[in-house]
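To keep things clear, I will list the structure first and then write my remarks on it.
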Amino acid sequence: MEGEPPFDGQAGSNLEQPDESDVEAGGVSGPAAKVPRLNGSQENGETAEEAISGLEPLGEEPRMAGAAQRFEEGKKAEADDGGEMATEGEYYFPAYSFLQPPKLLTGSWAEYSCVPENFLKGCKWAPDGTCLLTNSADNTLRIYNLPAELYTEEWGAVAEMSPVLRMMEGDTVYDYCWFPLMNSSDPQTCFVASSSRDNPIHIWDAFHGDLRASFRPYNHLDELTAAHSLCFTPDGSQLFCGFNKTVRVFETSRPGRSCENRPTFAKKQGQSGIISCIAFSPAQPLYACTSYSKTVGLYSRAEGAPLAMLHGHRGGVTHALFSPDGFHLFTGGRKDVEILCWDLRRPGDVLFSMRRTVATNQRLYFDLDPSGSYLLSGDTEGLVTAWDTTQPPSSAPGPVLQPTLQFQALQDCVNGVSLHPSLPLLATASGQRTFPDLWDEEAETEGDAPSSCRPAHGDNSLQLWWCSSDAGAEPPPAVP
């Protein structure tokens, strides 16, 4: 019933019953993502609030809970400078390196080749790094486990990746995000939120694939309306959702329709347009909202009071990301060749820009490595570019930061990049909408493959890259 927590006791039990719109939204197929359960799962009937309050922030816990055990249990490393051994309890993880092109480990191709135009729409590593979430044009969220070969002492060839879980929405998926305290050793924290057209916001169990709960936003006519962007607060207690000129705030522990409304535009002042992305500062109590009206707004987390309005993009802003120290904000837009870096200590002025090719209206994600030093982005020409944000930009008017590395990942649009939180693994998602060729009806009658099995145009694939030059941590051979 409304007001009950999204999880209570065993995952998927004692939940609010999905309404008719939830049932029509789709279903779940495929095996459970984490079966058998890992040690440490809680079965004592904790509520969401108890589970959240009982968890330590990920920054104070090992970032790879349950993943890549050979690194966790393995060797301590000598420091690169002085050769000193790591201190007790400090484990060695290979560092990201973008001095040379990364090596392709594996990927997922067959999953997206049977359905025409089943291009991907981004990918996101789980906060604990054990699995990867993707979105694609068939309105399906897929979860991939970290390849099993990476858990072994000696790596062999890495097989093609296959999803362990599929969660099907009823219409176009607008946005999706992980619960920020997700830890595979605690199934109660393993869930994702997604929003699709004409549907409520769904909470999916990323451990078994069940629909846990739904948040139902309504407009002023009491009609169900879909959120265009989603983002949990860093502590996981609230879910912020972006709408036209409005942000709505739901309590994670109370699914249903009850929410707080925070208008971004009132009395012809403020931030107009659809809120396309929401991002929280990891260090200050504020968040950023981007809009298709080409603006970026900064708001206080507690009340939603406007703090600053940033102007400078030439297209609708579709993605925003804070640096780990919270001092810088990176934003990028559709059909906008620049990723802008804002210094929030002096809001209003662009610190520098990074150029990429964006010839499409779809969202092109970018990501920062865990240290915040390198920013990576794909583009519509299949290139992946890395910038060292610690280096000074050019001194010309409108300073531009030059790339550190650029490599050709594919011959199609690379719309998603995600950097693993602990291992030097880069995930890329690719594809874009294309117009199919006209088929010869005579050739089809002569025994050619039916239209449902014709190969899709473009390169729709998920790829996994090894981004380390560490000689002691060589990657396995690429998939044949």
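The values are calculated or read from the model by the stated rules, or taken from the named source; none is laboratory data. Quick caveat: nothing in here was measured; it's all calculated off a predicted structure. Neighbour counts are summed over all protein chains in view; Cβ atoms, including those assigned to glycine, are modelled from backbone coordinates with ideal geometry. Surface areas here come from the heavy atoms of the whole protein model, side chains and all, with no ligands, DNA or RNA. Shrake-Rupley method; radii C 1.70, N 1.55, O 1.52, S 1.80 Å.
Residue-by-condition table, conditions (1) under 21 Å from P217 (Cβ atoms); (2) in contact (Cβ under 8 Å) with a residue 60 or more places away in the chain; (3) touching a Lys or Arg at 6+ places or on another chain (Cβ under 6 Å):
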position	(1), (2), (3)
Q271	yes, no, no
A279	yes, no, no
P282	no, no, no
S291	yes, no, no
A305	no, no, no
L329	no, no, no
V337	no, no, yes
S353	no, no, no
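For P399, work out the one condition from (1) in contact with a strand residue (DSSP E or B) (Cβ under 9 Å, 6 or more places away or on another chain); (2) within 27 Å of P424 (Cβ to Cβ) it doesn't fulfil.
(2)
Being open to solvent by less than 50 Å² (accessible area, probe 1.4 Å) and in a loop (DSSP other than H, G, I, E, B) is the filter here, so list the residues in the stretch 344-356 that pass it.
If the condition is that a residue be open to solvent by less than 50 Å² (accessible area, probe 1.4 Å) and in a loop (DSSP other than H, G, I, E, B), then L344, G348, R356 are the ones that fit.
Specify which of the listed residues (S258, S281) is closer than 24 Å to F215 by Cβ, small (G, A, S) and surrounded by 18 or more Cβ atoms within 10 Å (Cβ to Cβ).
From the options S258, S281, the qualifying one is S281.
I'd like the residue in the stretch 385-419 that is within 14 Å of F98 (Cα to Cα) and touching a residue at least 60 places away in the same chain (Cβ under 8 Å) and, out of all such residues, is surrounded by the most Cβ atoms within 10 Å (Cβ to Cβ).
The residue in question is A386.
Can you tell me which residue is nearest to R257 (Cα to Cα) among those in the stretch 192-224 that are polar (S, T, N, Q) and at pLDDT 95 or above?
Ranking the candidates gives S214 first.
Residues of the stretch 300-320 being open to solvent by less than 60 Å² (accessible area, probe 1.4 Å), more than 22 Å from C177 (Cβ to Cβ) and in a loop (DSSP other than H, G, I, E, B), which ones?
Correct list: A305, G312, H313, G315.
Please go through the stretch 138-156 and pick out each residue that is within 18 Å of S461 (Cβ to Cβ) and either open to solvent by 30 Å² or more (accessible area, probe 1.4 Å) or assigned to a strand (DSSP E or B) (or both).
D138, T140, L141, R142, I143, Y144, N145
Quick test of your reading of the structure: G332 fulfils all but one of (1) of a type in the set (G, A, S); (2) within 17 Å of the chain's Cα centre (by Cα); (3) farther than 22 Å from S97 by Cα; (4) assigned to a loop (DSSP other than H, G, I, E, B). Name the failing condition by number.
In the conditions (1) of a type in the set (G, A, S); (2) within 17 Å of the chain's Cα centre (by Cα); (3) farther than 22 Å from S97 by Cα; (4) assigned to a loop (DSSP other than H, G, I, E, B), G332 misses (4) alone.
If G129 meets every condition in (1) in a strand (DSSP E or B); (2) touching a His at 6+ places or on another chain (Cβ under 6 Å) apart from one, which number is that one?
(1)
Name, by its number, the condition in (1) under 28 Å from Y374 (Cβ atoms); (2) open to solvent by less than 50 Å² (accessible area, probe 1.4 Å) that does not hold for E117.
Condition (1) is where E117 drops out.
Condition check: out of contact with any Leu (no Cβ under 8 Å at 6 or more places or on another chain), of a type in the set (G, A, S), within 27 Å of S371 (Cα to Cα) and open to solvent by less than 30 Å² (accessible area, probe 1.4 Å). Does S323 satisfy that?
No.
Filter the strands (runs of 3 or more DSSP E) completely within the stretch 216-299 down to those with at least 2 residues that are under 22 Å from P324 (Cα atoms) and touching a strand residue (DSSP E or B) at 6+ places or on another chain (Cβ under 8 Å).
229-232, 238-243, 275-280, 286-291
Select, from R363, R346, R355, the only residue that is out of contact with any strand residue (DSSP E or B) (no Cβ under 8 Å at 6 or more places or on another chain) and of a type in the set (K, R).
Sole residue among the options that is out of contact with any strand residue (DSSP E or B) (no Cβ under 8 Å at 6 or more places or on another chain) and of a type in the set (K, R): R346.
Here are the criteria: (1) modelled with pLDDT of 95 or more; (2) farther than 26 Å from D343 by Cα. Tell me which single one Q188 does not satisfy.
Condition (1) is where Q188 drops out.
I need every pair where a residue in the stretch 118-143 that is under 16 Å from F366 (Cα atoms) and among the aliphatic types (A, V, I, L, M) has its Cβ under 7 Å from the Cβ of a residue that is open to solvent by 10 Å² or more (accessible area, probe 1.4 Å) and not in a strand (DSSP E or B), sequence separation at least 6 or different chains.
Qualifying pairs under 7 Å: L120/N460.
One residue is enough: does the stretch 367-379 have a residue meeting the conditions under 16 Å from V417 (Cα atoms), open to solvent by less than 10 Å² (accessible area, probe 1.4 Å) and either modelled with pLDDT under 95 or small (G, A, S) (or both)?
yes
Quick one: which of F179, F243, F232 is of a type in the set (F, W, Y) and either over 30 Å from S281 (Cβ atoms) or more than 17 Å from the chain's Cα centre (by Cα) (or both)?
Residue meeting the stated conditions: F243.
How many residues, within the stretch 194-205, are out of contact with any Pro (no Cβ under 9 Å at 6 or more places or on another chain), crowded, with 24+ Cβ neighbours inside 10 Å and part of a loop (DSSP other than H, G, I, E, B)?
Counting residues in the stretch 194-205 that are out of contact with any Pro (no Cβ under 9 Å at 6 or more places or on another chain), crowded, with 24+ Cβ neighbours inside 10 Å and part of a loop (DSSP other than H, G, I, E, B) gives 1.
Which numbered condition in (1) modelled with pLDDT under 90; (2) assigned to a loop (DSSP other than H, G, I, E, B) is the only one that D412 fails?
So D412 meets the others, but not (1).
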